[in-house]
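Visitor: Below: one structure in structure tokens.
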Amino acid sequence: MAIQSNILRSAMLAAALVSGAACTQQTASAPPPAATQNPELAGAWYEVYFDTNSSTIDERGRTIVRSVAYVVANNTTTRVTVIGKTDTVGAQSSNLVLSKLRADGVREALINAGVPAARIDTSWTGETRQDTVTQNDTANRRNRVVDITVVKMAN
């Protein structure tokens, strides 16, 4: 019964975090109480958005990072994948650097929030792997993003 309760609680937390991550007007709630044993969001995907030509994580992004960090820091069977991306505004070489800065910034924020550095995989794609394909020099918020995925490690 306790296992089912933990699974249900984890599923509810996952649904709340995913819906909070997808809504720009809604802020994610605080992490669950410490009484929750081994929270699990393996396979969960989050997005931290950025302003044009910026690698600064806004308050909404910091909330997402804290929520992910809480789960990962309290569940030793998980890893985090961080992938930085940009839209097509600016030079391709500059966008590659910007996507690296964004990914590194989210990685550092996760580490500062308690995620062990050894459990974070970081990469960046610049403008080459966009969520929404656009013409060159097109500003698109959905492409100015760092994707964060929580994955369960193989036993």
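No value in this document is a laboratory result; all are computed from the given coordinates. All of these numbers come straight from a predicted model, not from anything done at the bench. Here the Cβ positions follow ideal geometry from the backbone for every residue, glycine too, while neighbour counts run over all protein chains shown.
Visitor: Between ASP104 and ASP131, how many nm apart are label points set 7 Å from Cα along the C-beta direction?
Guide: Those two pseudo-labels are separated by 2.3 nm.
Visitor: So how strong a dipole does the range 101-153 carry about its Cα centre when Lys and Arg Cβ are +1 and Asp and Glu Cβ are -1, to the nearest 20 debye?
Guide: Dipole size: approximately 180 debye.
Visitor: Next question. Taking a quarter of the surface of the Cα convex hull of the range 55-132, what do you get in nm²?
Guide: For the range 55-132, the mean projected area of the Cα convex hull comes to 5.3 nm².
Visitor: Quick one: net charge around TRP124, please, counting Lys, Arg +1 and Asp, Glu -1 for every other residue with C-beta under 12 Å from its C-beta.
Guide: Net charge around TRP124: +1.
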